[in-house]
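Participant: My questions will all concern the structure given below.
The values are calculated or read from the model by the stated rules, or taken from the named source; none is laboratory data. This is a predicted model, so every value here is computed, not measured. For neighbour counting, all protein chains shown are included, and Cβ atoms are generated from backbone atoms with ideal geometry for every residue, glycine included.
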Amino acid sequence: MELVKHRKKDSFFLHLVISKFISEEETKLQEYVGINRGVKYLAVTSNNQFYNGTRLREIRNKYFRLRRSLQKKGTRSAKRKLKRLSGKEQRFRKDTNHCLSKQIVKNIKANSVIVLEDLTGIRQKAMYPKKSKTSREINSWPYYDLEQKIIYKASEKHIEVAKWNPEFISQRCSACSFIKKDNYRSRQFSCVECQFSINADLNAARNQIHNYFSELPMVQLVFEALRFLDGAPVIIPYVAS
């Protein structure tokens with residue numbers, strides 16, 4: 001327990017360390033869930049959950065316009081307002097990620113595996129022009145913070161979180177595994193090989209599971225298979241060679 005005085009305001013905060021007991025359960029794997037993070041949809045999961053980002057985009061664009069307007073003024077008053085706005089925007093991002101991660105984990109069974117795309121270097125690898133609206137939205141959202149919140153909340157439900165290579169998840173058909181750029185030209189994914197059609201973000205989320213299995217060493221793949229079959233009466237996702 002620790003009593004801390006606020007540096008600027010005449011107030012105090014009481015810091016408490018709370019231990020939460022989590023009972024040890026027999027690990028019986030329930031499901032693998034791939035998650036694709038984006039702009040239009042903040043997250044789409046392979047078990048068909050869509051988390052719409054339309055309202056969020058409106059608020060973020062509002063903050064962007066206000067920030068740009070204050071920066072142009074350059075007055076002392078504008079700088080003070082800009083500082084307050086920055087703090088407000090940061091709190092908004094963290095609160096949104098908290099609510100989103102809570103909802104995502106809530107919709108996944110305990111003792112499962114979440115497969116997240118490894119977004120390391122996403123700002124450098126972005127395919128959009130640097131000054132485009134989409135590029136700005138990708139660069140301004142704290143995806144790492146969302147990732148950490150998902151990991152923390154998942155641990156309370158005995159859910160493992162794996163970060164995996166997102167290579168070809170947008171171009172690969174989650175039905176037949178055929179890869180081609182022409183498959184992905186809009187929000188709707190359409191395979192030119194088997195004519196399978198599906199929402200592009202959902203297709204990418206399902207491909208996260210494909211990538212996870214395709215890159216596992218054989219020993220671990222067998223272990224995953226045994227663990228999965230012991231825990232749920234479903235078939236292990238097919239991995240094309």
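Participant: Suppose the filter is part of a loop (DSSP other than H, G, I, E, B) and within 16 Å of the chain's Cα centre (by Cα); does LEU100 pass it?
Facilitator: no
Participant: Would you confirm, using the coordinates I've provided, whether LEU66 is assigned to a helix (DSSP H, G or I), modelled with pLDDT under 85, surrounded by 15 or more Cβ atoms within 10 Å (Cβ to Cβ) and of a type in the set (A, V, I, L, M)?
Facilitator: So LEU66 does not fit the description; no.
Participant: Sticking with this one: Every residue in the stretch 146-168 that is modelled with pLDDT under 90 and either closer than 18 Å to CYS99 by Cα or in a loop (DSSP other than H, G, I, E, B) (or both), please.
Facilitator: Residues satisfying the conditions are ASN165, PRO166, GLU167, PHE168.
Participant: Which one is nearest to LYS94 (Cα to Cα), of the residues in the stretch 148-169 that are surrounded by fewer than 20 Cβ atoms within 10 Å (Cβ to Cβ) and among the basic types (Lys, Arg)?
Facilitator: LYS153
Participant: Same structure again: Mind listing whichever residues of the stretch 124-135 are in a helix (DSSP H, G or I) and either in contact with a Pro (Cβ under 9 Å, 6 or more places away or on another chain) or modelled with pLDDT under 55 (or both)?
Facilitator: Across the stretch 124-135, the qualifying residue is only SER135.
Participant: When you check GLU89 against the structure, is it assigned to a helix (DSSP H, G or I), of a type in the set (Asp, Glu) and at pLDDT below 85, yes or no?
Facilitator: Answer is yes for this residue.
Participant: I need a count of the residues in the stretch 173-201 that are under 19 Å from THR45 (Cβ atoms) and β-branched (Val, Ile, Thr).
Facilitator: So the answer is 1.
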